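Chemist: Here it is: the structure, laid out below.
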Amino acid sequence: MILNTKYTIHFPMSKKYTHKKTIRCPWVGDDARMQIYHDTVWGRPKKNDIEIFEAIVLDTNQAGLSWKCILHKRDNFAKAFCDFDPAKIAKFGARDSARLMKDAGIIRNRLKIAATIENAKRFLEIQKEFGGAKKNGFAKYIWSFTGGKTIVGTPRSLKDYHTHSRESDAMSADMKKRGFTFVGTTICYAFMQGIGMVSDHTADCFLSRNNRYK
């Protein structure tokens, strides 16, 4: 989910990124953005608070939709939500919400827009509690659910993918207790995959633990 251009990558204008001989996880398909996301972002550890908050915003808005849909709107979300700056989003008021409801480039869902704003406030509270922005306090909090380590899965096909785990259950419960919304355990598990708390590349994927060093 983390595609903030300040920290990661710019998508190429060409749609010819695809490498036919490269075997990837089965959910990726032949879409160039999906391939770049899979190859450079998904399952790779992210411990920068802005990158992590971007993932929260995008996963909040993905609920009930495909990841491909959200990924192709990522730049629109960045523009609409101040490059995913939680301090700025937390100050959004009624006018901002009205503006966002008219923005065809994002998901115009009143509940999701409200959740994004409220989640920014809760994010800042946790960030402060765990050391502040300069010390990536939120990253310290969120990575505590896996002891600071990436959990490496061993799926062999799509049917082997988990939709939640003990860790995502705990994360969901604690985030809800702290006032976050759109943080069910399934959303939390996808979020964990996106920021590299979980690495779930299938066994035949070129990025799986078995293949990446061949």
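Chemist: Using only Cα atoms, find the angle between the long axis of helix 110-129 and the longest principal axis of the chain, and express it within 0 to 90 degrees, rounded to the nearest 10.
Modeler: Roughly 90 degrees between the two axes.
Chemist: Taking only the alpha carbons of the chain, what extent do you get along each of the three principal axes, in Å, biggest first?
Modeler: Reported extents, whole Å, longest axis first: 51, 39, 31.
Chemist: Another question, if that's okay. Over the stretch 119-212, with a single point scatterer placed on each C-alpha, what log10 of the ratio I(q)/I(0) does the Debye formula yield at q = 0.10 1/Å?
Modeler: Each listed q corresponds, in turn, to -0.30.
Chemist: Still on this structure, please answer the following. Rounded to the nearest whole Å³, what is the per residue volume of the convex hull around the Cα atoms of the stretch 50-131?
Modeler: 84
Chemist: Taking the Cβ of Arg178 as the center, what net charge do the other residues with Cβ under 15 Å away carry, scoring Lys and Arg +1 and Asp and Glu -1? Provide the component values of the computation, followed by the final result.
Modeler: Values: positive: Lys121, Arg122, Lys128, Lys140, Lys176, Lys177; negative: Glu118, Glu125, Glu129, Asp174.
Cβ neighbours under 15 Å give a net charge of +2.
Chemist: Also, I was wondering about something else. Just flag the chymotrypsin sites (Phe, Trp or Tyr not before Pro) in the stretch 152-214 sitting in loop per DSSP whose Cβ has no more than 11 other Cβ atoms within 10 Å.
Modeler: Details: sites: Tyr161, Phe180, Phe182, Tyr189, Phe191, Phe206, Tyr213; in loops: Tyr161, Phe180, Phe182, Phe206, Tyr213.
Counting only loop positions with at most 11 other Cβ atoms within 10 Å, the chymotrypsin sites (Phe, Trp or Tyr not before Pro) in the stretch 152-214 are Tyr213.
Chemist: Size of the dipole of the stretch 28-153 about the Cα centre, Lys and Arg at +1 and Asp and Glu at -1 on the beta carbon, nothing else charged, in debye to 20?
Modeler: Working: 23 positive and 15 negative charges, 70 e Å.
That gives the stretch 28-153 a dipole magnitude of about 340 debye.
Chemist: If contacts are Cα pairs under 8 angstrom and at least 6 residues apart, what is the relative contact order of the chain in percent? Don't skip to the answer; put the middle values down first.
Modeler: Numbers: 298 pairs, mean separation 58.7, N = 214.
Averaging sequence separation for qualifying contacts and normalising by length gives 27 percent for the chain.
Chemist: Sticking with this structure for a sec: With every atom except the alpha carbons ignored, what do you get for Rg and Dmax of the stretch 91-139, in angstroms?
Modeler: For the stretch 91-139, the Cα radius of gyration and maximum Cα-Cα distance read 13.4, 37 Å.
Chemist: Once you list every other residue whose beta carbon is under 12 Å from the beta carbon of Tyr189, what net charge do they have if Lys and Arg are +1 and Asp and Glu are -1? If you can, show how the numbers build up before the last one.
Modeler: Values: positive: Arg166; negative: Asp59, Glu167, Asp169, Asp200.
Once positives and negatives cancel, what remains is -3.
Laboratory data are not the source of any read-out in this text; all were calculated from the coordinates shown. Please read all numbers here as calculations on a predicted model, not as lab measurements. So basically every Cβ, Gly included, is an ideal-geometry build from the backbone, and we count neighbours across all protein chains shown.
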